[in-house]
Amino acid sequence: MSTYHGPVTQKPISELAKYLKNLIPANIPETYELKPMFENVASEEDIRNGIIAFRDFLYLFCDHLISDGHLYFKLKKNPRNGTDYPFLYRITDLLSDIGYHSKLSESGDSLLITEIPSFTTSIDEKGNKKRAKNPVSKLIVFCVF
């Protein structure tokens, strides 16, 4: 079976952000079943509020990429595969870290980022230093958002 899927198509970051924003659900039902694995994370109300806060954050994030994403992301002349765009992978890691590791603020209208494991050096179970998945210098680029 071939791993070649044709040429890599280039799209401006604003177009990609519009596409992603359309994937974010505008309406989240009032009631939906939470998976049992989340029962110990927070109260059901906090989880639901956190999901709405994260959705609202994603809307703002996509809007910023639509208007100013070209400042952070440049198309390559001859891309060969998806990994030619590390900016997109780093954004994915950052958004995953925010979604999984942030806490809902007391007011319930924002998320507090408590850790960003994809950008933080850690110590494994044997006491060895484990490099971060992404360099912390790249995290600074995202702070301007």
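The values are calculated or read from the model by the stated rules, or taken from the named source; none is laboratory data. This is a predicted model, so every value here is computed, not measured. Cβ coordinates were reconstructed from backbone atoms using ideal geometry, including for glycine residues, and neighbour counts include every protein chain displayed. Please note that ligands, DNA and RNA were not included when accessible areas were found on the heavy atoms of the full protein model with its side chains. Shrake-Rupley method; radii C 1.70, N 1.55, O 1.52, S 1.80 Å.
Checking the structure you have, find out if any residue of the range 71-86 is at pLDDT 80 or above and in a helix (DSSP H, G or I).
Within the range 71-86 (the criterion being at pLDDT 80 or above and in a helix (DSSP H, G or I)), the answer is yes, since at least one residue qualifies.
For the subset of the range 89-125 comprising residues that are acidic (Asp, Glu) and over 27 Å from Glu44 (Cβ atoms), which member is surrounded by the fewest Cβ atoms within 10 Å (Cβ to Cβ)? The residue in question is Glu125. Of all residues in the range 4-24, those satisfying the criterion of being at pLDDT 85 or above and out of contact with any helix residue (DSSP H, G or I) (no Cβ under 7 Å at 6 or more places or on another chain) are Glu15, Tyr19, Asn22, Leu23. Counting only residues that are without any contact (Cβ under 8 Å) to a residue 24 or more places away in the chain and in a helix (DSSP H, G or I), the range 30-59 holds 9 of them. Within the range 93-137, the set of residues being under 14 Å from the mean Cα position of the chain (by Cα) and at pLDDT below 80 comprises just one member, Leu111. Sort out which residues of the range 16-39 are of a type in the set (Val, Ile, Thr) and open to solvent by 100 Å² or more (accessible area, probe 1.4 Å), and write them in order of number. Passing the criteria: only Thr31.
The set of residues in the range 114-134 being in contact with an Asp or Glu (Cβ under 7 Å, 6 or more places away or on another chain) and within 14 Å of Asp97 (Cβ to Cβ) consists of Ile116, Pro117, Ser118, Lys133, Asn134.
Pick from the range 10-29 the residues that are part of a loop (DSSP other than H, G, I, E, B) and of a type in the set (A, V, I, L, M, F, W, C): which of them is farthest from Ser67 (Cα to Cα)? Taking the candidates together, the pick is Ile28. When you check Phe57 against the structure, is it open to solvent by 40 Å² or more (accessible area, probe 1.4 Å), at pLDDT 85 or above and closer than 22 Å to Phe119 by Cα, yes or no? Against the criterion (open to solvent by 40 Å² or more (accessible area, probe 1.4 Å), at pLDDT 85 or above and closer than 22 Å to Phe119 by Cα), Phe57 qualifies.
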